[in-house]
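J.: The structure follows.
The values are calculated or read from the model by the stated rules, or taken from the named source; none is laboratory data. From a predicted model like this one, the values you see are computed outputs, not experimental measurements. Because the Cβ atoms are built from the backbone with ideal geometry, glycine has one as well, and the counts that use them run over all protein chains shown. The area values use the complete protein model at the heavy-atom level, side chains included, leaving out ligands, DNA and RNA. Shrake-Rupley method; radii C 1.70, N 1.55, O 1.52, S 1.80 Å.
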Amino acid sequence: MPKSKKKILITGASGFWGSHLSENLIKKGYVVFGTYHKNPPSKTGGIKWLRLDVTNPAEVLNSLKIIKPNAVCHLAGQSSLGDAWNLEPLTFSLNTWSCLNFLRAIESEVPDCRFVYVSSIHVYGKMLFDAQKPLTENSSVMPEGPYGVSKRAGEILCRDFYERFKLDTVVVRPVNCIGTGLSRYFAFSDWCAQVAACEKGKKNPKVLQVGNLNVSRDFLHIEDAVRGFILALEKGKSGEIYNLSSQKVLKLQTFTDFLLRKSRVPIRIVKQRQRIRRREPLQIRISSQKLRRLGWTTARNPFEGLDELLSQYREKK
């Protein structure tokens, strides 16, 4: 896909992934249209904003009629594993039916449009617990729970429309990412907010409340993740799935240790039972060799992203 002056519609453009992706695509010369659901963002950042309910088929169809994008990057969705259990209908509506809405609208209005769907490594489900080797795009998938199942259903829809209608679909499965703008619902943001509160004297006693720190995960700096996503957008093969990972695993404790070293005041760790997830893999290893063969490499480390996130919370009043 040529880079210059191509029109891209990004759902969830004001969110964590969407804001970083939009900024990078604008720098590359794309014309970026971003969606929001309720309140328009206070800053445009060069994005052409439009209000859109991605779960409404008529609204999705109308937006594509007006914009006629060359590509759609579908980032909007339910991203919290915990909330997915409590909000099952909404999770499937946002993660699955919205995907179907866009595929149908593209097939009807802009059949040459590329559709990039952001899925998750949680589609592997049970395989995350049982894998002896890093999981690849060819590994079995056995999703568990509404989040993983809803994301896998979106993947299947992409493949179905690729096979039946020859739509240009690409699926990306990212690992956890760290950087500015990460939602407070996620552990790293929560930790940074706690440290910043301790430094400002707003939290006594000065403790960092955590869950299980002995699990190991693969993390990416958000800027590396976005570059990988853009590579999949521009050079990914139609109908294919691409894992997005650093191929390195780190214990969560290495990140809390980093925050304690960075803290401007003494802080102690307090483990809370309610923060510990049930049925949690001790280690998750994901291969991204398929995307690396297209030329992607990592340039940042996740600790830089954590440091930037901490700075963001320190600046908040």
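J.: Compute and list, largest first, the equivalent-ellipsoid semi-axes of segment 1-41 from the alpha carbon gyration tensor, each √(5λ) rounded to a whole angstrom.
T.: 20, 10, 7
J.: Once the Cα gyration tensor of segment 94-162 is diagonalised, what are the square roots of 5 times its eigenvalues, in whole Å and ordered largest first, as equivalent ellipsoid semi-axes?
T.: 27, 13, 7
J.: How far, in degrees from 0 to 90, does helix 145-165 lean away from the longest principal axis of the Cα atoms of the chain, to the nearest 10?
T.: 20 degrees
J.: When only C-alpha pairs under 8 Å and at least 6 residues apart count, what is the relative contact order of the chain, in percent?
T.: 17 percent
J.: Summing -39500 (n - 2.57) over the DSSP H runs of n ≥ 4 in the chain and dividing by its residue number, what mean residue ellipticity at 222 nm do you reach, to the nearest 500 deg cm²/dmol?
T.: -12000 deg cm²/dmol, from helical runs alone.
J.: Something else: Go through segment 28-40 residue by residue and turn each phi into a ³J(HN,Hα) via Karplus (6.51, -1.76, 1.60, θ = phi - 60°); whole Hz please, and just put x for glycine and proline.
T.: Karplus values, whole Hz, x for Gly and Pro: 7, x, 6, 8, 9, 9, x, 9, 9, 9, 10, 9, x.
J.: Please give the peptides 161-174, 53-66, 179-192 ranked by average Cβ packing (other Cβ atoms within 10 Å per residue), highest first, as a rough proxy for protection.
T.: Highest to lowest by the protection proxy: 161-174, 179-192, 53-66.
J.: What's the whole-number percent of alpha carbon pairs in the chain lying beyond 29 angstrom? If you can, show how the numbers build up before the last one.
T.: Details: 18217 of 50086 pairs.
Taking all Cα-Cα pairs of the chain, the fraction more than 29 Å apart is 36 percent.
J.: Still on this structure, I have one more. Looking at the P(r) of segment 200-317, how many percent of alpha-carbon pairs lie beyond 25 Å?
T.: Result: 39 percent of Cα pairs exceed 25 Å.
J.: So, one more: When the convex hull of the Cα atoms of segment 137-221 is projected onto a plane and the area is averaged over all directions, what value comes out in nm²?
T.: Across all orientations, segment 137-221 yields a mean hull projection of 8.4 nm².
J.: Which FRET efficiency, nearest 0.05, do Ala58 and Asn214 yield, Cβ-Cβ r, R0 45 Å?
T.: Here the calculated transfer efficiency is 0.40.
J.: Using a 1.4 Å probe on the protein heavy atoms, what percent of the accessible area of segment 59-181 belongs to carbon and sulfur?
T.: After summing per-atom areas, the C and S share lands at 52 percent.
J.: What pairs from Lys251/Lys271; Lys133/Lys235; Lys203/Lys316; Lys65/Lys235; Lys28/Lys316; Lys27/Lys166 go past 20 Å between their alpha carbons?
T.: From the list (Lys251/Lys271; Lys133/Lys235; Lys203/Lys316; Lys65/Lys235; Lys28/Lys316; Lys27/Lys166), the Cα-Cα distance tops 20 Å for Lys133/Lys235; Lys65/Lys235; Lys28/Lys316; Lys27/Lys166.
J.: Moving on. Could you pull the accessible area for Met127 with a 1.4 Å probe, rounded to 10 Å²?
T.: About 40 Å², ignoring ligands and nucleic acids.
J.: If one computes P(r) from the Cα atoms of segment 1-155, what percent of pairs lie at distances over 28 Å?
T.: The proportion of pairs with Cα distances above 28 Å equals 24 percent.
J.: Which residue, Thr169, Thr180, Cys192, has the largest displacement toward the positive end of the dipole of segment 117-222 when charges sit on each Cβ (Lys, Arg +1; Asp, Glu -1)?
T.: Of the options given, the answer is Cys192.
J.: Quick one: the Cα spread of segment 202-253 along its three principal axes, in angstroms, biggest first?
T.: Principal-axis extents of segment 202-253 (Cα, largest first): 53, 25, 16 Å.
J.: So for segment 67-122, averaging the separation of alpha carbon pairs under 8 Å that are six or more residues apart and normalising by length, what relative contact order in percent results? Each step should come with its number before you reach the end.
T.: Numbers: 43 pairs, mean separation 31.2, N = 56.
It rounds to 56 percent for segment 67-122.
J.: So who's got an amide H within less than 5 Å of the one on Ile178, skipping anything under 5 residues away but keeping other chains? H placed 1.01 Å off N, in plane.
T.: Counting only residues 5 or more places away or on other chains, the set is Leu220, His221, Ile222.
J.: When N is the residue count of segment 174-225, what does its C-alpha Rg come to as a fraction of 2.2 N^0.38 Å?
T.: 1.29
J.: Given a 1.4 angstrom probe, what's the average accessible area per residue across the chain, in square angstrom?
T.: Details: 15210 Å² over 317 residues.
Accessible area per residue, the chain: 48 Å².
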